[in-house]
Amino acid sequence: MDDLARFCCQNTACADYGKRNAGNLTVCDRFGKREPIRLLYCRTCKKRFSERKGTPLFASKLPRAKLVSVLEHVAEGCGVRSTSRLAKVHRDTVSHYIRAAGDHAQQLHDELVGFSPLDPGSPVRRKVGLRRAKAKALPGR
Ligand SMILES: [Zn+2]
């Protein structure tokens, strides 16, 4: 049995679009020359899509291990040119996957993080504001 809890329908017109673990997905096929990629089927909208759709791995020509290596180097703070030299890929390839991973990370952040501490109306920001106001009210400190 395949674990599909992390996946959601990628069809923007579907009623279950973006809903993880909604029970609407099944594995209908596998494809791929180097490594098997699951083809997912949505029972709600009757569409099929790759399990990699919406991720930097989708339609990637790099092997998965090399792409992961590129993104690990970038995550550790390596620049585009140094990542290019270390992973032995062209610098435009590094830039392409940085953009793809950034878009995916932004979508995941928006989904998983309920509020941003930089939001002035957020509870964390209000607490910090209260502490600063108390500190100002006590002149002896
Ligand atoms: Zn669907």
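Taking a straight line from the alpha carbon of residue 66, these lysines sit under 24 Å away, with near neighbours fewer than eight places off in the same chain left out: 33, 53, 88.
Simple spin-label estimate for residue 82 and residue 137 gives 4.8 nm between the two label positions (7 Å along the Cα-to-Cβ direction from each Cα). Note on the stretch 1-115: Kirkwood hydrodynamic radius from all Cα pairs is 15.6 Å, rounded to one decimal. Normalised by the number of residues in the stretch 10-58, what is the relative contact order in percent for Cα pairs under 8 Å and 6+ residues apart? After rounding, I find 30 percent. With Cα atoms defining each centre, the stretch 38-68 and the stretch 75-111 are spaced 18 Å apart in the structure.
At a Cα cut-off below 13 Å, give the aspartates and glutamates reachable from residue 61, other chains included and same-chain residues fewer than 8 away excluded. Leaving aside aspartates and glutamates fewer than 8 places away in the same chain, those within reach of residue 61 are 35.
Every read-out reported here was derived from the displayed coordinates using simple, explicitly stated rules and does not represent laboratory data. Bear in mind the structure is a predicted one, so any value in this text is a computation, not a measurement. Note that we place each Cβ from the backbone using ideal geometry, even for glycine, and neighbour counts take in every protein chain shown.
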